[in-house]
Structures are given as structure tokens and as C-alpha cells.
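Before any comments, here is the structure.
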Amino acid sequence: MNILVCDDDQAIVDAIGIYLENEGYNVIKASNGKEALAHLDGGNRPIHLVIMDIMMPQLDGLSVTRKLREQLNNVPLILLSAKSEDYDKILGLNLGADDYVTKPFNPLELIARVKSQLRRYTSLGSLELASHVYQTGGVVLDDESKTVTVDGEPVNLTPVQYKILRLLIANAGRVFTIEEIYEKVWNEPAFRPENTVAVHISKIREKIEINPRDPKYLKVVWGIGYKIEKC
């Protein structure tokens with residue numbers, strides 16, 4: 001997922017970026033409100049969450065918040081400020097910000113708030129997905145960045161596991177036979193592929209399911225094959 005970090009203090013932007021990248025997020029940086037709006041309005045990559053300082057040159061964070069909500073853009077937005085007065089917090093939230101963090105802050109707390117907002121955003125179905133992004137429930141696969149997240153948490157898949165998941169999630173609800181999965185993923189005729197496919201399916205379940213023995217997403221259709229459930 002792509003997160004826009006906007007602050008006129010480059011050191012803060014870089015520090016937040018390091019923590020986000022360590023969690024598997026893609027970071028887009030801006031130093032003022034005008035740059036942030038440019039990324040949000042006409043950027044090449046969709047923005048899934050914004051972290052923005054209030055006090056900035058050219059265009060402040062409150063003004064950006066107001067403009068976004070006037071455009072009916074409901075991307076999650078966390079405001080940062082060196083001020084602790086209730087007025088700033090209340091004003092930002094009333095303008096449409098989703099959360100508020102006062103500087104100085106604990107980076108781990110900020111990351112926790114980011115994950116919470118992304119979970120809420122995806123679970124409510126508010127995330128407008130690009131053509132290369134596939135989602136069912138809390139599972140999101142971005143085929144451009146080759147990343148997978150579950151409830152906002154990054155998941156590490158092997159290349160084969162990724163190809164299988166991509167095939168199934170891009171066709172959520174459709175049942176694929178074991179032979180179809182093997183031929184489409186391995187690009188060769190299937191010859192007794194049952195065990196090979198089953199092992200990889202089991203590994204994928206361990207990574208994306210809360211309870212792999214009672215899967216919510218990756219289902220077996222007995223006698224036929226597998227599918228990703230539409231959620």
C-alpha cells in the first residue's frame with residue numbers, strides 16, 4: 001500500500017518513511033500541502049493513507065484536509081502537529097481528519113495508528129482499487145509492487161505462492177481445478193499435480209488465514225479444486 005508523508009521538516013519525513021518501509025509500505029514524500037495535493041490529485045500511484053503536518057508553508061494541513069473532503073476523497077488522514085491545544089485537534093477532526101498525533105510522538109504508536117486506519121478503511125470497502133490491485137475482505141494484492149497484505153499487515157509469499165494467490169484473487173469466486181492452477185502457474189502441462197498444488201495452497205493458507213484449518217478466504221471445493229471466496 002502507498003502512504004503519503006507530508007511535513008516541511010525533511011528529517012521527520014525521512015524518519016517516518018523508514019519505519020513505514022520496514023513494515024512493508026511504499027512511501028511517497030512531500031514537503032508542503034501543494035505537493036501533497038499534486039500526489040493525491042494526479043499522482044501515478046494511488047494513495048491509501050496520508051500522514052500530514054498541520055503547520056506547513058504554501059498550504060497547511062488543515063487546508064489540505066478541507067479540500068480533500070470537499071472532493072469527497074475519503075482516504076484515511078492522520079494529522080501531525082507540534083501543538084497540543086484541543087482547538088487544533090478538534091478543528092482537524094471536524095474538517096475530516098481520521099486521527100491526530102502530537103509531536104513529539106512514539107514512531108511505534110504512529111505505525112499502530114496507521115495499521116488501525118488501514119484496517120478500518122479496507123474492512124469498510126472504502127478503498128478504491130486500481131486495476132492492478134485485487135482485494136477480498138482484508139486480503140489485498142498489489143500486482144504492481146508485488147506485495148500482499150492481510151488486514152494491513154505485510155505477508156511474505158514465495159513467487160509460486162504469489163502467482164497462485166494472484167490467479168485466484170483476480171478471479172474471486174471462480175473455482176479452478178488443480179490442473180488449471182498448475183498449468184497457469186507453472187506454464188507447463190499438468191502431470192499428477194495434486195500434491196504439488198496442495199502443498200502450496202497449504203502454505204498460502206498459513207500466511208493469509210487466521211485459522212488455516214477453517215479458512216475464510218482460500219476454500220477447497222471437494223472433487224473440483226480451489227477458489228478465493230468473495231468477501
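The values are calculated or read from the model by the stated rules, or taken from the named source; none is laboratory data. The shown structure was predicted, so the numbers you read here are calculated from the model rather than taken from an experiment. Using ideal geometry, Cβ is built from the backbone for each residue, glycine included, and neighbour counts are taken over all protein chains shown. In case anyone asks, the SASA skips ligands and DNA or RNA and just uses the protein heavy atoms, side chains included. Shrake-Rupley method; radii C 1.70, N 1.55, O 1.52, S 1.80 Å.
Filtering the range 203-219 to residues that are aliphatic (A, V, I, L, M), open to solvent by 100 Å² or more (accessible area, probe 1.4 Å) and not in a loop (DSSP other than H, G, I, E, B) leaves nothing. Among the conditions (1) surrounded by fewer than 20 Cβ atoms within 10 Å (Cβ to Cβ); (2) in a loop (DSSP other than H, G, I, E, B); (3) touching a helix residue (DSSP H, G or I) at 6+ places or on another chain (Cβ under 9 Å), D8 misses just one, which is (3). Kindly indicate whether I178 is open to solvent by less than 90 Å² (accessible area, probe 1.4 Å) and modelled with pLDDT of 95 or more. For I178, the condition - open to solvent by less than 90 Å² (accessible area, probe 1.4 Å) and modelled with pLDDT of 95 or more - is not met. Going through (1) open to solvent by less than 10 Å² (accessible area, probe 1.4 Å); (2) at pLDDT 90 or above one by one, V150 falls short only on (1).
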